[in-house]
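A quick write-up on the structure given underneath.
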Amino acid sequence: MKKLMAANWKMHKTYAEAQKTAEELVALVEGKLPADREMLVVPAAPSMKAVGDAFKGKAGMFSGAQNVYPADKGAFTGEISPEMIKDLDGEFVLTGHSERRHVLGESDEFVGEKTAFALNAGLKAVLCIGEKLEERKAGEVQKVCDTQMEAGLKDVSRDIDPEKIIIAYEPVWAIGTGEVAGPEEIVEAHGFVRAKLVEIFGNKASEIRILYGGSVKPANCAEIISLDNVDGVLVGGASLESESFSKIVLA
Ligand code: PGA
């Protein structure tokens, strides 16, 4: 299983800035990326072409979108379709990121609709899940992950190519806070996610990648990706500079 090292640039970078960082990443990573590793960069939608062009034809380097709407086209102001993403060479899409759930108010069910629609349209989906601090304090980590996975994967075909669906476990309290979940917390949550995947997808669950996200940095990445059931990382803040993200990708 190839480890997936993913950058989520959120609402950062103009087109020219995205182009510059993507080109720097190619220069830093090309020729060094192990065969069992993939790099994914997910810029804001207006910069998707910049990243797609920079990574075109580069082995193991992919771009994706931060959002998708579950329809082919129509009167959905501000939204983007899977075709639009693919047209700009995007191969992946994030669904259910905590900021979309908690800032933009997306429900578990809507996240599930988007995930299935994106997969059916030929994109790979990174379904993000994770508990808020008050939920962790209340001992509800597994309950939250269970609910978000049930709804998020509800309409995903049980025959899916396991390479196409990825789960990112991102405890909300660790996102952008500098606070990383400890190794035991990560291993425990990822073990639960793997068991839930087995319940849903049977024996192909072992081939589905589970990423960790939440304050991943060059200094902690190697340890995190060495943990059981950690098949890559999803990185926000530390992915914005090419130097820093390239160290994570090659950690
Ligand atoms: P962070 O963000 O690395 O800045 O904590 C992670 C994410 O939101 O995907």
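The values are calculated or read from the model by the stated rules, or taken from the named source; none is laboratory data. This one's a predicted model, so the numbers in the text were calculated from it and none came from an experiment. We place every Cβ from the backbone using ideal geometry, glycine too, and count neighbours over all the protein chains shown.
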- Message: small (Gly, Ala, Ser), within 26 Å of Lys204 (Cα to Cα) and surrounded by fewer than 14 Cβ atoms within 10 Å (Cβ to Cβ): which single residue out of Ala35, Ala16 fits that description?
- Response: Ala35
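Okay, residues lined up against (1) buried (at least 20 other Cβ atoms within 10 Å of the Cβ); (2) closer than 20 Å to Glu30 by Cβ; (3) of a type in the set (Val, Ile, Thr); (4) at pLDDT 95 or above:
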| position | (1), (2), (3), (4) |
| --- | --- |
| Cys221 | yes, yes, no, yes |
| Ile224 | yes, no, yes, yes |
| Gly237 | no, no, no, yes |
| Glu241 | no, yes, no, yes |
- Of all residues in the range 166-208 being modelled with pLDDT of 95 or more and assigned to a loop (DSSP other than H, G, I, E, B), which is nearest to Asp231 (Cα to Cα)? Ile208
- Hey, can you tell me all the residues within the range 209-223 that are in contact with a Phe, Trp or Tyr (Cβ under 9 Å, 6 or more places away or on another chain) and not in a strand (DSSP E or B)? Gly214, Pro218
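Residues checked against (1) away from the ligand (no atom under 15 Å from the Cβ); (2) within 16 Å of the chain's Cα centre (by Cα):
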{"residue": "Ile210", "(1), (2)": "no, yes"}
{"residue": "Val216", "(1), (2)": "no, yes"}
{"residue": "Ala219", "(1), (2)": "no, no"}
{"residue": "Ala222", "(1), (2)": "yes, no"}
{"residue": "Ser226", "(1), (2)": "yes, no"}
{"residue": "Gly232", "(1), (2)": "no, yes"}
{"residue": "Val235", "(1), (2)": "no, yes"}
{"residue": "Glu241", "(1), (2)": "no, no"}
{"residue": "Lys247", "(1), (2)": "no, no"}
- Query: Mind checking which residues of the range 166-187 are surrounded by 14 or more Cβ atoms within 10 Å (Cβ to Cβ) and more than 16 Å from the ligand (Cβ to nearest atom)?
  - Reply: Pro183, Val187
